[in-house]
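Working notes, structure below.
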Amino acid sequence: MAVDTSLPILGLPGSLVLEMATDAGLRAVTEAFADRGYRADGTLVPRGEAGALVTDEDEVAARVLRIAVEGLVRGADGGDVAVAAESVCVHSDTPGAVALAARVRAALLGAGVELRAFA
């Protein structure tokens with residue numbers, strides 16, 4: 001099977017998929033999740049559990065801005081979680097996803113964070 005090695009593989013920092021992509025010589029891109037809660041270990045709070053989904057536009061924008069500037073996000077337990085990410089995902093099935101993405105973009109640009117393609 002042929003693999004287009006120019007296509008990046010996105011995933012949660014520290015994930016097996018990114019390790020495997022790197023080992024295979026593919027571009028691994030770390031991804032933060034704007035609309036999902038984080039556990040203290042950097043994994044996502046499972047859907048269906050309290051704190052799994054974040055939908056408030058201001059909260060989501062502030063979380064992503066903090067990830068971009070400080071490399072930290074407030075975890076579901078209230079502590080800070082380190083998140084080193086090159087990309088930010090807003091899930092299309094999150095209520096208000098388009099507005100969330102627009103608010104995140106505006107917050108990042110407003111703070112002087114450079115937005116660019118990772119590919």
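Read-outs throughout are calculated quantities, based only on the coordinates presented, and are distinct from any laboratory measurement. Predicted model, so just to flag it, every value in this text is computed and none were measured.
Some observations on this one:
- Overall, the anisotropy analysis places segment 50-119 in the oblate class: the square-rooted eigenvalues a ≥ b ≥ c of its C-alpha gyration tensor yield a/c not less than 1.5, with a/b not exceeding b/c.
- The alpha-carbon atoms of the chain, seen along their principal axes, cover 43, 30, 27 angstrom, with the largest extent given first.
- Over the chain: helical MRE at 222 nm, DSSP H runs n ≥ 4 each giving -39500 (n - 2.57), nearest 500: -9500 deg cm²/dmol
- Our summary gives the chain a relative contact order of 25 percent, counting only alpha carbon pairs under 8 angstrom and 6 or more residues apart.
- Among L100, L72, L16, residue whose mean-square fluctuation peaks in a GNM of the chain (springs only between Cα atoms under 10 Å): L16
- Percent of beta bridges antiparallel (DSSP, the chain, rounded to nearest 5): 45
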